[in-house]
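Let me begin by presenting the structure, written as structure tokens, before commenting on it.
The values are calculated or read from the model by the stated rules, or taken from the named source; none is laboratory data. Model, not experiment: these values are computed from the prediction. So basically every Cβ, Gly included, is an ideal-geometry build from the backbone, and we count neighbours across all protein chains shown. Heavy atoms of the whole protein, side chains included, go into the accessibility calculation; ligands, DNA and RNA do not. Shrake-Rupley method; radii C 1.70, N 1.55, O 1.52, S 1.80 Å.
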Amino acid sequence: MRRLDFAHYLAKKYMRTEMLPHAFCPGCGIGIIQRAVLMAFEELGEEEWNRTVFVSGIGCSGWTPTYFRRDAIHALHGRALPLATGIKLARPDLNVVVFMGDGDSMAIGGNHLIHAARRNIGITSIVVNNMIYSLTGGQLAPTTPMYSYTNTSPYGNIEPNFDLIELMKASGATYLARWTTWHFIQLKNSVKKAIKHKGFSVIEVISQCPTYTGRYILRKPDPRDYMQWMKDNSVLFDVAKEMDKKELEGKIVVGEFLDRDDRPEFSELYWSLIKKKEVEA
Amino acid sequence: MKVIEIRISQDLCKGCFLCVWACPYKVIDVGKERNYRGVNVPIVAKLEECRACRLCEYRCPDFAIQIITDKDVELLREAEQIELRWQRRVELAEEMEVSE
Amino acid sequence: MSGKGERKLVIGYDALTDAAIMAGCRFFAGYPITPATEIAEEMARKLPKVGGIFIQMEDEMASLMAAIGASLSGLKAMTATSGPGFSLMQEAIGFAAITETPVVIVDAQRVGPSTGMVTMPAQGDVIQARFGSHGDYSIIAIAPSSVQDIFEHTVMAFNYSELYRTPVILLLDEILVHLREPAVIPDKMEVVERMKPSVPPEEFIPYGGEIQREMPSVGDGYNLLIESVLHDEIGRRIGTDSIKGSRMIKRLWNKIEGNVEKIAKEEFFMMDDADIAIVAYGSPFRSAIKAAKIARSMGIRVGVVKLITLWPFHDSMIRRVSEQVKAFVVPEMNMGKMAREVKRAAGEKRVISVPKLGGSLHTPEDILSAVKEVA
């Protein structure tokens, strides 16, 4: 069995080191997201880690939890959320964390996303948004900027894109945040909050894909330039409220958009219903 | 906080240089030697400048760099115990493969 | 069947749901679709009373994925649908097959293709039950022929899914789901429970050996890696290693195909001295029995082979019967699907397919005229 010469202690403690180095490209943002999640668990404590289950869709982001030394289910494209719903209903005591890509969650999985939000089921979704379909080689996604050139929009993308936060707000999600991989500490704190949060939480992470988005869309194939771009073009939510539409063009609005606790969490609601029926039976 | 050393993994580093870019004190620099992947793994240029801000760690996607202080030695030791425990399963699976 | 029982008038979907609960099913995720809607409705009523979970998901794909999620979390799970929903579920059936997750999928078949004849029975999905999902996998499919069968075979379906770590398809048709007839509902039946792991997590190999009966639930510290890609014994992806990949696919295939003799079940009626065999399953079996009795009274030596498991197909049994009889008659509410399988296994002997389409069931005369043709 091959042994690594060295790995960060978080990797040794929480990851399947026999599978490292992971398959992500050099400079890929997913590695940073993995670290943010593991740091969040390091701070939340062993008890939270012990009762966490990971589910993921298909795509680059789908491989994220397969490297964690914890139960991980690498499910079908777009169908991670219904599977996670089954797990949460059967074992409401578990933390269910779902990793999905932008195409996985908003294209093929769009229906399941809005229904999971509608039900407000206690799942933490981390949507890795690199604005493209990266694993298949750089095709159009519902989040690709207008007029971009990708492999399936060789004459320019003419589809406007989704704002995931607005979509989730309308569908009923109860904790919403958007960060980029540059905002490491804020991302880690949001992950902690989302795991503790009872209802359906969505953290959208704008993550760098230097290989495709970097080369095709932003013309920044170096991950360092890409991260600088994310830093320079991020605007905090509170500040963005004061700015007008013209100023906000091309900017990434980050922050915690929503944190409400007035909607009941679905599995809790269901189990309280059963207890009544069991007594009646 | 005394920084004992900065460990960088030759096996894990993919040469994205986000750590070099992140460091505000120019502690790390691009190395001269290439690893098995063909990338110039970063080297520690000025250890004395390191304040353990850990920005390099936060930017590294590959878990390939760690600032080692006294606390980190302890954390690494604990983590290695856990890693060792789970090696058993990988070894068992590989035994099964060989015996097929 | 074990345990004493009460003989009463029972309707198909009632027997199915009671049997599922008796077999230990505590999770149902479904979507309304004619003619399987009543199954979901009954589970919605019955499951909460036994502390189970019912959820109506947003579509059939979500239903089966939720059932798989619940099964991975330690509950016995089921879903029910008809043709259009069954087609939607195929990807998830492949997922259940490769992850070796026990789950029961009920297909109450109706006339297809597509929306078809919504309220009319058919048996057109029988090949899809075996080969509907892409790639190479194997699966168990059971076809009850009476309400009594529905009860016993539903329990059998759950037991098989646990014994062989596989999804099991329960193939009904619209007639059987809505049929009300006398049946004996036992107060208890032999149920195969999920096996808990016998070794500590660091030594547990999730996909080891020919069949790994031990199945821990997620969230219990076993650090399972449950992959939809082709994986090795501990769940790591195989990637591009053809030799290992081919070995793992064969393991998945042989898990069921290699155990045909243990899994396949059928019943023989009047076969001892028969020289014509009617091979029937589902509702046409009822007409077949009547046709056989009429034929016997006319002096034709006919017997009936009632198929209980359609898949894995019992080649050796058909071969044995083909040595005895001179012809097979296969009545089906489709264009002759299992007839192709019978023909394949029957060698040189004649196989007459008797299709009945458009939603009507064979009359005994339909089958009798085919029997007379070969008598």
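Values computed for the structure shown
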item	result
Any hit, region A:76-83, residues being open to solvent by 10 Å² or more (accessible area, probe 1.4 Å), more than 8 Å from every other protein chain (Cβ to nearest Cβ) and assigned to a strand (DSSP E or B)	no
Candidates A:TRP182, A:TRP229, A:TRP271, filtered to the one that is within 14 Å of chain C (Cβ to nearest Cβ) and of a type outside the set (Ser, Thr, Tyr)	A:TRP271
Flag if A:LEU4 is in contact with a Leu (Cβ under 7 Å, 6 or more places away or on another chain) and under 28 Å from A:PRO221 (Cα atoms)	no
Helices (runs of 4 or more DSSP H) contained entirely in region A:1-69, each with at least 2 residues that are touching a helix residue (DSSP H, G or I) at 6+ places or on another chain (Cβ under 6 Å)	A:9-14, A:29-44
Conditions (1) more than 30 Å from B:ARG85 (Cβ to Cβ); (2) at pLDDT 95 or above: number failed by C:ARG165	(1)
Qualifying residues in region C:41-85 (those that are closer than 16 Å to C:LEU172 by Cβ and open to solvent by less than 10 Å² (accessible area, probe 1.4 Å)) - the one farthest from the other protein chains (Cβ to nearest Cβ)	C:SER82
Residue within region A:249-257 that is modelled with pLDDT under 90 and either part of a helix (DSSP H, G or I) or hydroxyl-bearing (Ser, Thr, Tyr) (or both) present	no
Single condition C:ILE21 does not satisfy, out of (1) farther than 18 Å from C:ILE169 by Cα; (2) within 18 Å of the chain's Cα centre (by Cα)	(1)
Check on C:ILE352, out of contact with any Asp or Glu (no Cβ under 6 Å at 6 or more places or on another chain), within 20 Å of C:ARG301 (Cβ to Cβ) and assigned to a helix (DSSP H, G or I)	no
Pair list, Cβ < 8 Å and 6+ apart or interchain, from region C:229-255 residues that are more than 9 Å from every other protein chain (Cβ to nearest Cβ) and open to solvent by 70 Å² or more (accessible area, probe 1.4 Å) to residues that are among the aromatic types (Phe, Trp, Tyr) and part of a loop (DSSP other than H, G, I, E, B)	C:TRP253/C:TYR137
Selection status of C:LEU88, open to solvent by 10 Å² or more (accessible area, probe 1.4 Å) and either assigned by TED's automatic domain parsing to the domain that holds C:ARG251 or in contact with a Gly (Cβ under 7 Å, 6 or more places away or on another chain) (or both)	yes
Among the candidates A:ALA23, A:ALA90, residue that is hydrophobic (A, V, I, L, M, F, W, C), closer than 17 Å to A:THR124 by Cα and over 16 Å from the mean Cα position of the chain (by Cα)	A:ALA90
Among (1) open to solvent by 10 Å² or more (accessible area, probe 1.4 Å); (2) outside any loop (DSSP other than H, G, I, E, B), the one test that C:ASP273 misses	(2)
Test: residue in region C:197-204 that is within 14 Å of another protein chain (Cβ to nearest Cβ), modelled with pLDDT under 95, open to solvent by less than 20 Å² (accessible area, probe 1.4 Å) and not in a helix (DSSP H, G or I)	yes
Subset tally (residues that are part of a helix (DSSP H, G or I) and either surrounded by fewer than 23 Cβ atoms within 10 Å (Cβ to Cβ) or not small (Gly, Ala, Ser) (or both)) for region C:101-131	5
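So that you can scan it fast, the table gives a plain yes or no per residue for (1) touching a Pro at 6+ places or on another chain (Cβ under 9 Å); (2) within 20 Å of A:THR150 (Cβ to Cβ); (3) open to solvent by less than 30 Å² (accessible area, probe 1.4 Å):
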{"residue": "A:PHE200", "(1), (2), (3)": "no, no, yes"}
{"residue": "A:GLN208", "(1), (2), (3)": "yes, yes, yes"}
{"residue": "A:THR211", "(1), (2), (3)": "yes, yes, no"}
{"residue": "A:TYR226", "(1), (2), (3)": "yes, yes, yes"}
{"residue": "A:MET230", "(1), (2), (3)": "no, yes, yes"}
{"residue": "A:MET243", "(1), (2), (3)": "no, no, no"}
{"residue": "A:GLY250", "(1), (2), (3)": "yes, yes, no"}
